[in-house]
Amino acid sequence: MAIIYIDGKPLETQDGQNLLEACIELGLNVPYFCWHPALGSVGACRQCAVKQYRDENDKQGRLVMSCMTLVTDGMRISVDESESKDFRANIIDWMMTNHPHDCPVCDEGGECHLQDMTLMTGHNYRTYRFKKKTYVNQNLGPFINHEMNRCIQCYRCVRYYKDYAGGHDLDAFASHNHVYFGRHEDGVLESEFSGNLVEVCPTGVFTDKTLKEHFTRRWDYTTAPSVCVHCALGCNITPGERYGKLRRIRNRYNRSVNGYFLCDRGRYGYEFVNSDKRPKAPLKRQMIDGKPVHVPMTRDEALSEIGKFFSNGSKAIGIGSPRASLEANFALRALVGAENFYLGLSKADGKLLSAVLEIVLSGPARQPSLGELKDHDAVLILGEDMTNVAPIAALNIRQSVNNQPRANAKAMGIPEWNDLPVRRAMDTDRGPLFIASVAPTRLDDVATQTFHATPDGIASLGFAIANFIDPQSPAANVSGEVRALAQQIATALQSAQKPLVVSGPSCRSEAVIQAAANIAWALCRKAKPAGIYFAAPESNSVGLGLFGGANIENAAEALRKGGADTLVVLENDLYRRVPAALVDELLSLAKHVLVVDHQYSATAQKAEYVLPGATFAEGDGTLVNNIGRAQRMMQVFNPEGEITESWRWLRRLRAASGKGREDEWISFDSFLHALVAEIPAFSHILDAAPTAAFRVGGLKIPRQSHRYSGRTAMKANVAVSETGVTADPDSPMSFSMEGFSMMTPAALMSSFWTPGWNSAQSITRFQEEVNGPLEGGDPGVRLIEPQPDSAVPYFDAVETNESHDAAWTALPLYHIYGSEELSASSPAVAELSPKPYAMLHSDDARARGLLDGDAVTVKIDGQEISTSLKTNDTMARGVVCLPAGLEDAPYIEFPAAAEILRSVTS
Amino acid sequence: MLRKMFDVLEGLYSHLRSMGLVLKHTFAKRVTVQYPEEKPPLAPRWRGRIVLTRDPDGEERCVGCYLCAVACPVDCISLQAAEREEDGRRYPEFFRINFSRCIFCGYCEEACPTYAIQLTPDFEMCEYNRQNLVYEKQDLLISGVGKYPGYNFYNVAGLATKGKPKGQHENEDAPVDVRSLLP
């Protein structure tokens, strides 16, 4: 702790900080541009100048850039001194010489850091009389709008894009006062994290292109704290709604999860909520003109008709879903009975998920939180393409490769925040990061070593590594080359302070997951605080896994046995999980099929009844992320029609069928208590957010800003008399601007604003310290903790069978855009989803006389898939990779034996 | 005694003076007008019915920046910004003022950065049905420039639109050549 004197007042700061961070933590208004809490200082913009004095007798002082000045004990500075104020005003005057006059049509306006800083320094009129510099813009793809005129040359964009996110195609061009930030030519930004430029850029050079289609200013959104549903990481988001449509997703800071950044799938995948295809009222299938058509019905009709199927004595089968909340799955379980509740997973998916859960529930290795991934100093990824499956985890692993090289800078006495010298000291050193995968991944550019092999080959490497670390773990039969690599990896992991093993189900191999566990456990037994991190396929996969239960194939068996006439499918498109023939059989075996979903999926289209469920933005719920962190998502807005949370529909059905009381589980909290009483594994989810009775100063927390506009006009075209505000019985938030918006607990914090700080930069005002947790602690609770003294035995190594026979092993390749069901129907994401392909090693292709781009037919399980061939020089041999989960592509149960034939063109 | 006499005389004078004034005003020109038969003269900056104006080229001035809506103390303005596909100009997809709530404070006009929204000297907007006081864009948009004849936002904004690319606006240099290192 250092005491510094600001304008004569002694104040406490932390050692090793820079002066700007200290001022921000103390709540002072020091303007800045180039500094960003995640990017550190470079001293480029000269905006944060303050006066520093030698001692108490020094009246003259000197100007220093606060972001480049290390805090020292007894330091004397002044922020309000007139010379430094004039200096700062001059700097902003210069920055504004070329800034265009287009704030009214700029999407950043109202949450613009440049606007805030201009106001803070007191600049009003442009004093420069000469002409303004202009730039030609670029088309950067469907996510980012480019308006270079607004640039103030702070370099934050390239520092984020290149240095932090590892992108290669955004750079600074030209020289002197012509510096230009963009690509070498028009084109889609390659990085999967490009959307963060919107929040990183302090002005409106990079803005959200999807928002432009339905633009709304910052103060007009209705927001609530929510959780991203597009992968299993559970990144915290703030969705914004206006006029009944979801308008955009912004990052919601949570140090233990996503920190400052989101991936583009999370940021731009939201538009499925606004889709016209969604069911908005209960639907019933009727034959009209000999064709089955879904016709809408009222809520009461639906409940009385469907409720009968669950009345006393009749048995119903319920299929849950890994993309539905805990509450929805529990409500289904309560409706059909625990013995008739099936997880909405295929047998293979269920097996992989329980393999992961078994390891993390019984093993000694701790799963780090998503935010903690950055702190590990040696990482091994076993069989997972993190960028496409768990994007923000990949971004954080990319940061972890700097940890060991940073030691060079530390040895030279360079503070960690001093970005440029730290990078010079690190030079090109990176790592260690080892990636074993089937095909090249997007993290390969920072990998120390990559290893591409079949899942069995990857597993064998893993077992060999574990065997090197702890000879008691079973050895694998591997070749000399692989052995040498295994030894190299084992040494790197053992010599690290905090090694991490990352794996997941993407290889479709239990052996790979077990090999990862062996390595982590071996390290733990050698007294290394090793972490283990598993990717999971969907937003609530782990939550569903904790319920425990049988899979879809078992549900089909139960239906075949008879005794059940009703099938309830909850938020699940079965055609994406098991072969179509099995789904068709399931749907025909049941007399009545009810689907509760917010999507009009292939399964819903064939159902007798469809009940319109709520998306993440329209309902409350709890999701459990890949490491077992339970997080609450709050309802953002009231949807149109009869759309409501799935758990509420199922509760109503339970009451209508006479199984439950009419007044049971009316409120979310009472329902949550019932869930916890039934399944104690979830007891901590009650702590994920305050109850609905929570108040600050006797008031609810507003979902709208105090400057929310149009309250008396937005619905005046329908009826001029304003209706009352809808009450929210489920959360301590109000659907209006009324309430107390300060002193909000972190779990209810959706919008960050303090006077004078309207932009995304205002987050520093709500952190306990720079880059620290939100005031009051990060929201969310961990449901899974390691068993440090556990003596679970090692898993046995697999026997590898590397024979190259005629059959190929078909494996899935996941794509950040396209492989996930919900985001794939958002237009911007759909634009970037890949076309179907089959990928082979170039040598394998050549051996069969095939070339890149050839039309081929892949035969799997009697299905023939016509597609085009892609070749790759480094991927595993004997394997054909197919993109997973693309819309309209047939379901394939990976891994599968495949045959590849050249398509005959007619 | 003397004091009392003075009071009486002063009272008398005051009465006579008042009567005199009344008599004088009997012949003076009247201030009240026979509204509605006779219309009062209104200052050009009278704050009455709100209109949306057009720029000198006849295009809508409103760019949908939402500043009027946020400045409105009774929140009676709502709109949705959109971008015209043919030329990239921003415009309000809908623009609604609920005049049954409007207090004619003129804050919207003050906030407007493009001189689009203006208050006019017209206050005769009574309706028997409150619903008729909800004005949509077609009710608000006039075909003139209002109080600010010459102003055209797109001449000064620096935002490229079709037919007016970068560097063609007032006080702008031609776009920089990023491939040149010359000063």
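Here are a few things to note about the model shown:
- Considering the stretch A:768-798, the residues that are touching a His at 6+ places or on another chain (Cβ under 8 Å) and of a type in the set (A, V, I, L, M) include one that is nearest to residue A:544 (Cα to Cα), namely A:783.
- Conditions (1) within 25 Å of residue A:221 (Cβ to Cβ); (2) of a type outside the set (Gly, Ala, Ser); (3) at pLDDT below 95; number of the one not met by residue B:42: (1)
- Whether a residue is within 7 Å of another protein chain (Cβ to nearest Cβ), in a helix (DSSP H, G or I) and hydrophobic (A, V, I, L, M, F, W, C) was assessed, and residue B:81 does not pass this test.
- Checking each residue in the stretch B:88-99 for being hydrophobic (A, V, I, L, M, F, W, C) and either part of a loop (DSSP other than H, G, I, E, B) or facing chain A (nearest Cβ under 9 Å) (or both) picks out B:94, B:97, B:99.
- Residue match in the stretch A:714-736 (condition: under 22 Å from residue A:237 (Cα atoms), assigned to a loop (DSSP other than H, G, I, E, B) and within 14 Å of chain B (Cβ to nearest Cβ)): yes
- Of the criteria (1) over 27 Å from the mean Cα position of the chain (by Cα); (2) at pLDDT 90 or above; (3) part of a loop (DSSP other than H, G, I, E, B), which one residue A:429 fails: (2)
Yes/no matrix, rows are residues, columns are (1) in contact with a strand residue (DSSP E or B) (Cβ under 6 Å, 6 or more places away or on another chain); (2) loosely packed, with under 10 Cβ neighbours inside 10 Å; (3) part of a helix (DSSP H, G or I):
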position	(1), (2), (3)
B:14	no, no, yes
B:20	no, no, yes
B:30	no, yes, no
B:34	no, yes, no
B:42	no, no, no
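- Any hit, the stretch A:631-650, residues being in contact with a His (Cβ under 7 Å, 6 or more places away or on another chain) and either part of a strand (DSSP E or B) or within 25 Å of residue A:781 (Cα to Cα) (or both): no
- Failed criterion for residue A:475 (all others in (1) more than 23 Å from residue A:839 (Cβ to Cβ); (2) touching a His at 6+ places or on another chain (Cβ under 7 Å) hold): (2)
- Residues (more than 16 Å from residue A:452 (Cα to Cα) and among the polar types (S, T, N, Q)) located in the stretch A:489-517: A:491, A:494, A:495, A:497, A:514
- Residue tally, condition charged (D, E, K, R) and buried (at least 23 other Cβ atoms within 10 Å of the Cβ), over the stretch A:272-290: 0
- Test: residue in the stretch A:527-537 that is assigned to a helix (DSSP H, G or I), over 27 Å from the mean Cα position of the chain (by Cα) and not assigned by TED's automatic domain parsing to the domain that holds residue A:320: no
- Residue count for the stretch A:356-365 under the criterion of being surrounded by fewer than 20 Cβ atoms within 10 Å (Cβ to Cβ) and out of contact with any Pro (no Cβ under 8 Å at 6 or more places or on another chain): the result is 4.
- Close pairs from the stretch A:647-674: first at positive phi, partner in a helix (DSSP H, G or I) and of a type in the set (Phe, Trp, Tyr), Cβ under 6 Å, at least 6 apart: A:665/A:671
- Residue list for the stretch A:861-906, restricted to those being closer than 22 Å to residue A:603 by Cβ and among the β-branched types (Val, Ile, Thr): A:865, A:892
- Any chance residue A:751 is touching a His at 6+ places or on another chain (Cβ under 7 Å) and either more than 25 Å from residue A:14 (Cβ to Cβ) or part of a loop (DSSP other than H, G, I, E, B) (or both): no
- Among the criteria (1) within 13 Å of chain B (Cβ to nearest Cβ); (2) on the phi < 0 side of the Ramachandran plot, the one residue A:153 does not fulfil is (2).
Conditions (1) within 11 Å of another protein chain (Cβ to nearest Cβ); (2) surrounded by 13 or more Cβ atoms within 10 Å (Cβ to Cβ); (3) in contact with a strand residue (DSSP E or B) (Cβ under 7 Å, 6 or more places away or on another chain), marked per residue:
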site: B:101; (1), (2), (3): yes, yes, no
site: B:114; (1), (2), (3): yes, yes, no
site: B:126; (1), (2), (3): no, no, no
site: B:135; (1), (2), (3): yes, yes, yes
site: B:150; (1), (2), (3): no, no, no
site: B:153; (1), (2), (3): yes, yes, no
site: B:156; (1), (2), (3): yes, yes, no
site: B:172; (1), (2), (3): yes, yes, yes
site: B:179; (1), (2), (3): yes, no, no
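The values are calculated or read from the model by the stated rules, or taken from the named source; none is laboratory data. The shown structure was predicted, so the numbers you read here are calculated from the model rather than taken from an experiment. A quick note on method: Cβ atoms are made from the backbone with ideal geometry, for glycine too, and the neighbour counts reach across all protein chains shown.
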